[in-house]
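A short worksheet on the structure shown next.
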Amino acid sequence: EQSQAILFTGNFMESANKKGDFIRLGDATRFFNGSINHTLGLMERNLSIATGFNYSYNYAAQIVGTTWGPMVNVSKLFFKKILRTNYGAAYNSSNSLGKKINIMNIRGSASATIAKKHNINTSIIWQNKTGNGVAATTYFTATAGYSISF
């Protein structure tokens, strides 16, 4: 009937440029990335819902940067699992050197098997980027395709 999963991930990396017995100030680099995600699968409805949150901390050449943001994704099968759909949204906020950049992504896709080895697909992506010190931009991309395997 239902499946659930919670996933915690994290990694840390540190490196330094050592010259002899000395590590010069500014020659150390540190990265930390972490995320938490929850997925709920409703088998009878052919529906999957995923939510998550990510955080990154970067230190390189004496410059600190952080990025964080939530995401949500919904997948659904229709028409006896012939049509596969996927919808999602994500937001990221990055801060470094006094600049803040916010990026919002909204996407959707659909694919269907129309014969044993024939598939059609389509996807759309909308992205908006704003922040201080950057030009505000909005992108929209739509694609469609047909494939045959043999």
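The values are calculated or read from the model by the stated rules, or taken from the named source; none is laboratory data. Note that the coordinates shown come from a computational prediction; the quantities given were computed from them, not determined experimentally. Cβ: placed from backbone, ideal geometry, glycine included. Neighbour counts: every protein chain shown. Please note that ligands, DNA and RNA were not included when accessible areas were found on the heavy atoms of the full protein model with its side chains. Shrake-Rupley method; radii C 1.70, N 1.55, O 1.52, S 1.80 Å.
When the stretch 71-80 is examined, which residues are found to be in contact with a strand residue (DSSP E or B) (Cβ under 9 Å, 6 or more places away or on another chain) and not polar (S, T, N, Q)? Within the stretch 71-80, Met71, Val72, Val74, Lys76, Leu77, Phe78, Phe79 qualify.
Flag: Glu1 does not match the condition of being in contact with an Asp or Glu (Cβ under 7 Å, 6 or more places away or on another chain), among the acidic types (Asp, Glu), closer than 28 Å to Thr122 by Cα and open to solvent by 50 Å² or more (accessible area, probe 1.4 Å). Is it the case that the stretch 78-89 has a residue that's farther than 30 Å from Ala115 by Cβ and among the hydroxyl-bearing types (Ser, Thr, Tyr)? No, the stretch 78-89 contains no residue that is farther than 30 Å from Ala115 by Cβ and among the hydroxyl-bearing types (Ser, Thr, Tyr). Any residue at all in the stretch 105-127 that is more than 23 Å from Ile6 (Cα to Cα), open to solvent by 50 Å² or more (accessible area, probe 1.4 Å), of a type in the set (Phe, Trp, Tyr) and modelled with pLDDT of 95 or more? The answer is yes; a qualifying residue exists.
When the residues of the stretch 62-99 are narrowed to those that are closer than 23 Å to Thr122 by Cα and among the β-branched types (Val, Ile, Thr), which ends up least open to solvent (accessible area, probe 1.4 Å)? Full working, then the answer.
Taking the stretch 62-99 first, the residues closer than 23 Å to Thr122 by Cα are 71-91.
Those still in the list that are among the β-branched types (Val, Ile, Thr) too: 72, 74, 82, 85.
On the way: Val72: 60, Val74: 47, Ile82: 86, Thr85: 7 Å².
Taking the candidates together, the pick is Thr85.
Give the stretch 81-118 a look and list any residue that's of a type in the set (D, E, K, R), under 30 Å from Asn46 (Cβ atoms) and part of a strand (DSSP E or B), or say none. Passing the criteria: Arg84, Arg107. With respect to the conditions (1) within 30 Å of Ile114 (Cβ to Cβ); (2) over 18 Å from the mean Cα position of the chain (by Cα); (3) open to solvent by less than 50 Å² (accessible area, probe 1.4 Å), Arg45 falls short on a single one, namely (3).
Annotation note: Cβ proximity below 6 Å between a residue of the stretch 9-31 that is more than 23 Å from Thr66 (Cα to Cα) and a residue that is of a type in the set (A, V, I, L, M) and modelled with pLDDT under 90 (sequence gap 6+ or interchain) occurs for Ile23/Ala16. Being at pLDDT below 95, part of a strand (DSSP E or B), under 19 Å from the mean Cα position of the chain (by Cα) and aromatic (Phe, Trp, Tyr) is the requirement here; does Tyr57 meet it? Yes: the conditions hold for Tyr57.
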